[in-house]
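K.L.:
Handing you this structure, nothing more for now.
Every read-out reported here was derived from the displayed coordinates using simple, explicitly stated rules and does not represent laboratory data. Nothing here was measured: the structure is a model prediction, and the numbers come from that model. Methodologically, a virtual Cβ is constructed for each residue, glycine included, from the backbone with ideal geometry; neighbour enumeration extends over all protein chains shown.
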Ligand SMILES: Cc1cc2nc3c(=O)[nH]c(=O)nc-3n(C[C@H](O)[C@H](O)[C@H](O)COP(=O)(O)OP(=O)(O)OC[C@H]3O[C@@H](n4cnc5c(N)ncnc54)[C@H](O)[C@@H]3O)c2cc1C
């Protein structure tokens, strides 16, 4: 069997894997990225679009933010719409000047792939049969084939990063007795469409309606991303374009003459809504990052951002290992990440509960939901917790003190 050595073997060229490879490269640490899909498939998958302030800063500071700064759209607020009326949450004002950037995930991937290839980094697409071995030793190995008919090859590593998303093999390599999984399925799905049209709104609109949730988002001045809450069991074939438009108009209608701009729908799909966390995110020399370790429902726009914050912590820990002979940061990796992950799970769960129609809700619970929306859009303190979480909590580098002085009042 052909054998090769590297410092860090990375499985998956999504946001987590590519960003990790890039951050390690900046520290002079060698890695090999193994990806099952083709470059075109990776660069063409439309998913996330909202980048937190911290993600924007990391992309910029690591030298891959130039196109994002030219083409991305800075959003300083979001709208919560209910009872036919819009209520703006001023993210910028409520967070002391922070904002989010709307720049599609596949554009981030195009920029990261370009940086990787320009730097001569090892990035292999269309690999097959990836298997992990000896992850609880100092020489973990990844076996794989370069393509479907290729020979089995072995990559001997110091560390392996499992960045292979929710369905990848890395997480399942951790023995079942050593991992604990927490999950929740929501009784609804999101039907997402891509539309050739100009934006209907300068900012994202999160709409709660008796018929279900709707979201007006954007990808570029020419392409809009619209979502509808649908039944978890719905088949996309049940949703004709006419039905989608009529439902969007009904849910998003306002009393102030706002109109939804229509255009050609050129892609539509339904995604499940679920939350998932595995603990710990590390076993031996295998480190899980991004969707391989956790999933959030998309309502809080946190999935891509968590993938980036995980690998920032991981890259720092790996650099401390090689540069300063310190392994304490790597040992703390799971605890540091999980603290932030659970807060993102909390926020995504909260936003989902706040804005969707739940079949099990009683009239009492519906009134409480509306009261909560009224509270967070009329109280500065209420709006501030939404804004602080939406622009993204800071990335923590070490296990912090339990309470901050500002909270405890010292
Ligand atoms: C409709 C939708 C909307 C979303 N909106 C947002 C949003 O607004 N904001 C946000 O932050 N997040 C959002 N997300 C979530 C976000 O897209 C994910 O959290 C993000 O892609 C996670 O990145 P990742 O690198 O961990 O995993 P992935 O992007 O899943 O990448 C994993 C990679 O590993 C590869 N792989 C898998 N198995 C193997 C194998 N056996 N061998 C080799 N390679 C393998 C895959 O091909 C893939 O390229 C959204 C998700 C969806 C579905």
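K.L.:
Which of 372, 203, 345 moves the most in a Gaussian network model of the chain with Cα springs under 10 Å?
P.N.:
372
K.L.:
Provide 139, 220 in ascending order of the number of other Cβ atoms located within 10 Å of each residue's Cβ, fewest first. Walk me through the numbers on the way to the answer.
P.N.:
On the way: 139 12, 220 17.
In increasing order of surrounding Cβ atoms, one gets 139, 220.
K.L.:
Give the peptides 27-38, 351-362 in descending order of average Cβ contacts within 10 Å, highest first.
P.N.:
On the way: 27-38: 19.1, 351-362: 16.2.
Highest mean packing first, the order is 27-38, 351-362.
K.L.:
Sort 189-199, 270-280 for me by packing, meaning the mean count of neighbouring Cβ atoms within 10 Å per residue, highest on top. Intermediate results must be reported in sequence, preceding the final value.
P.N.:
On the way: 189-199: 19.2, 270-280: 17.3.
Those peptides, ordered most packed to least, come out 189-199, 270-280.
K.L.:
Arranged by the count of other C-beta atoms within 10 angstrom, fewest first, what order do 249, 167 take?
P.N.:
Ranked by crowding around the Cβ, least crowded first: 167, 249.
K.L.:
Now for a different question. Using only alpha-carbon positions, what ratio does the radius of gyration of segment 257-379 give when scaled by 2.2 N^0.38 Å? Provide the component values of the computation, followed by the final result.
P.N.:
Numbers: Rg = 19.7 Å, N = 123, 2.2 N^0.38 = 13.7 Å.
For segment 257-379, the normalised Cα radius of gyration comes out at 1.43.
K.L.:
In addition: Cα extents of the chain along the three principal axes, largest first, in whole Å?
P.N.:
Computed over the Cα atoms, the extents are 67, 59, 43 Å.
K.L.:
By per-residue mean of other Cβ atoms within 10 Å, what is the highest-first order of 177-184, 98-105, 283-290?
P.N.:
Those peptides, ordered most packed to least, come out 283-290, 98-105, 177-184.
K.L.:
Moving on to the next point. Segment 238-315 to segment 1-40: how many Å between their Cα centroids?
P.N.:
Between the Cα centres of segment 238-315 and segment 1-40 lies a distance of 25 Å.
K.L.:
A follow-up question, please. Return P(r) of segment 1-101 (all Cα-Cα pairs; 5 Å bins starting at 0; whole %; ordered from short to long distances).
P.N.:
Binned Cα distances yield the sequence 2, 10, 14, 17, 16, 13, 9, 8, 5, 2, 2, 1, 0, 0.
K.L.:
Pairing the Cα long axis of helix 15-26 with the longest principal axis of the chain, what angle in degrees results, from 0 to 90 and rounded to the nearest 10?
P.N.:
50
K.L.:
I've got another one for you. When DSSP assigns beta bridges and you keep just the ones with both residues in segment 161-315, what percent turn out antiparallel, to the nearest 5?
P.N.:
Values: 34 of 36 bridges.
Of all bridge pairs located within segment 161-315, approximately 95 percent are antiparallel.
K.L.:
Something else: Would you give the gap between the C-alpha center of segment 125-143 and the C-alpha center of segment 345-364, rounded to a whole Å?
P.N.:
40
K.L.:
Once both labels are modelled 7 Å past Cα along the beta-carbon direction, what's the residue 129-residue 83 spacing in nm?
P.N.:
Between residue 129 and residue 83, the label points sit 6.3 nm apart.
K.L.:
Something else now. Considering only DSSP beta bridges where both residues belong to the chain, give the percentage that are antiparallel (nearest 5). Mind showing how you got there, number by number?
P.N.:
On the way: 54 of 75 bridges.
DSSP beta bridges in the chain are roughly 70 percent antiparallel.
K.L.:
So what is the 222 nm mean residue ellipticity for the chain from helices alone, if each DSSP H run of at least 4 adds -39500 (n - 2.57) and you divide by all residues, rounding to the nearest 500 deg cm²/dmol? Don't jump to the answer; show the numbers that get you there.
P.N.:
Working: 14 runs with 148 residues, N = 410.
Value at 222 nm, helices only, nearest 500: -11000 deg cm²/dmol.
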